[in-house]
Amino acid sequence: MQKLIDWLKSLDPTKRKQLILAAMLVGLLFGVLLSNNAAPQAPKAAPEQSGSFSISGEIFIHVVGEVQAPGLYEVSYGARVRDVVEAAGGFTDAAVQSSVNLARLVSDGEQVVVLAESQMATDSKDGFISLNKATAAQLEELPGIGPALAARIIAYRDQIGSFAGVEQLLEVAGIGAKLFEQLKQKLTL
């Protein structure tokens, strides 16, 4: 062992580092290969009803609003909003299909909200601003909402797909209970 240590010390520092790095890499690869071969294969469980965790590439999406059968649906990873709406039986007659982006990929735990025409009002002259359709300029008409907060509301809306209720505005950073109380009478979905 001492001869090996002396030999390593006699090497050029650059060569020594390369040799040590190569040895660590070989050891790491060997360890990964052994752990993959030695690990027992877990049996594939049959899919269970709601509330279970699945490692099969399936994700859960909550579909609400103007679909034939609102509820919790399990879809394949990589599914799009179109697939989720189809799983929920399709749109109702009252649905505004443009209220959702059918081409958007869905993510696990997401809620997809399909709106009716009555929920899509964005006309601020009526005194209501739609959380799901308002532009940044329209949101800035609300008391206490400036450009930065309007941008955060829109970014949050893009992240979740659409607001399911006006109370969900409280989840946006910078919207507290006091500000929400001032806003809620002026908001619609």
Qualifying helices (runs of 4 or more DSSP H) (wholly inside segment 133-185; at least 2 residues being loosely packed, with under 12 Cβ neighbours inside 10 Å and not assigned by TED's automatic domain parsing to the domain that holds Val113):
147-160, 177-183
Within segment 73-89, can one find any residue that is in a strand (DSSP E or B), loosely packed, with under 13 Cβ neighbours inside 10 Å and not assigned by TED's automatic domain parsing to the domain that holds Ile160?
yes
Condition check for Val113: out of contact with any Cys (no Cβ under 8 Å at 6 or more places or on another chain), in contact (Cβ under 8 Å) with a residue 40 or more places away in the chain and not in a loop (DSSP other than H, G, I, E, B):
yes
Failed condition for Gly109, given (1) farther than 27 Å from Ile59 by Cβ; (2) touching a strand residue (DSSP E or B) at 6+ places or on another chain (Cβ under 7 Å); (3) surrounded by fewer than 18 Cβ atoms within 10 Å (Cβ to Cβ), with all others met?
(1)
Could you list, in sequence order, all residues of segment 55-113 that are at pLDDT 90 or above, among the hydroxyl-bearing types (Ser, Thr, Tyr) and within 23 Å of Gly165 (Cβ to Cβ)?
Tyr73, Thr92
Listed by first then second residue, the pairs whose first member lies in segment 89-108 and is of a type in the set (Phe, Trp, Tyr), whose partner is assigned to a loop (DSSP other than H, G, I, E, B), with beta carbons under 9 Å and at least 6 positions apart or on separate chains, are Phe91/Glu66; Phe91/Gln68
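The values are calculated or read from the model by the stated rules, or taken from the named source; none is laboratory data. Given the structure is predicted, the values throughout are model-derived calculations rather than measurements. A quick note on method: Cβ atoms are made from the backbone with ideal geometry, for glycine too, and the neighbour counts reach across all protein chains shown.
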